[in-house]
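Scroll down for the structure; my scribbles are underneath it.
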């Protein structure tokens, strides 16, 4: 009996989706319904469902970010990554990005006919003979890699505003320095840190850590707002919440679990590399 997890922050919409699934996929068993991205990741890792229905917009972590974090933590040796279906309110530009990356989605309010198409696609994926191949671990790795590639391209497309209307404002001017908070004997103050001094930027609760060779500071601007103003060739995204200065990278190593970690010159902290961005280090 196939299993599914629903992540939707609006209880009535979650109930409506569950009711439609009973109609179009009677044998499907819904093992959990959660209302935020972090819970979706935790429950998916614990329950290992066959199918995920993730709402795009949820409190805290979005459905896309939750899927990316789940893919990074998934143990492909135990089970193939679930079939993934995003649920979204109608947004023609977001839909264009989904279709360009062949990522499955259904629109709110959920329509039976459209949901049935997603169910059929998920069924075909679950029934693939390749899942019973002689080397299932390799097959699972291939499935997970395909999913991470899709998610990475989709996140990049949405961040770049793929398909945005002509009236969308132009990209803000590139950053040259950051206004960070510092604490001193006279209380809090603002310091200007040249971008050339920054080793890496890392999201931390409501702030962003700005780490230099001399120390670290806090920035209130969300990382997602900094991304469009940074040179992608200069700062590499290696994790959902981490950007690293490329020319500061010293070593990249793979641990016993197959995870990548990197170290920077003149800095002792090790930084994990997400599966979504492991392609930056293809030699490993």
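Every number here is computed from the coordinates shown, using simple stated rules; none is lab data. Predicted, not measured: the structure shown is a model, and the values here were computed from it. Positions of Cβ are backbone-derived with ideal geometry, glycine not excepted, and every protein chain shown enters the neighbour counts.
Kirkwood-based Rg over Rh for region 3-160 (C-alpha set), two decimals?
Rounded to two decimals, Rg over Rh is 0.93.
Cα extents for region 40-81 along the principal axes, largest to smallest and rounded to whole angstrom: 30, 17, 13. Taken over the alpha carbons of the chain as equal point scatterers, the Debye sum produces base-10 log I(q)/I(0) values at 0.07, 0.10 Å⁻¹ of -0.30, -0.61. For region 243-265 versus region 85-100, the spacing of their alpha-carbon centroids is 34 Å.
Footprinting exposure proxy ranking of 10, 76, 27, fewest other C-beta atoms within 10 angstrom first, gives 27, 10, 76.
By the beta-carbon count within 10 Å of each Cβ, the least crowded to most crowded order of 30, 56, fewest first, is 30, 56. Taking Rh as the Kirkwood radius computed over C-alpha pairs, what is the Stokes-Einstein D of region 1-68 at 37 °C in a medium of viscosity 0.692 mPa s, expressed in µm² per second? Estimated diffusion coefficient is 279 µm²/s. Binning all Cα-Cα separations of region 177-281 at 10 Å, short to long from zero, yields these whole-percent fractions: 14, 47, 30, 8, 1. The antiparallel fraction among DSSP beta bridges confined to the chain stands at about 65%. Residues of region 50-81 with backbone nitrogen within less than 18 Å of a virtual label 7 Å along the Cα-to-Cβ line of residue 254, please, listed as ranges. Within reach of a label on residue 254, which here means backbone N under 18 Å from a point 7 Å along Cα→Cβ, region 50-81 contributes 72-78. Using a simple spin-label model with pseudo-atoms 7 Å out from Cα toward Cβ, residue 265 and residue 213 lie 0.8 nm apart.
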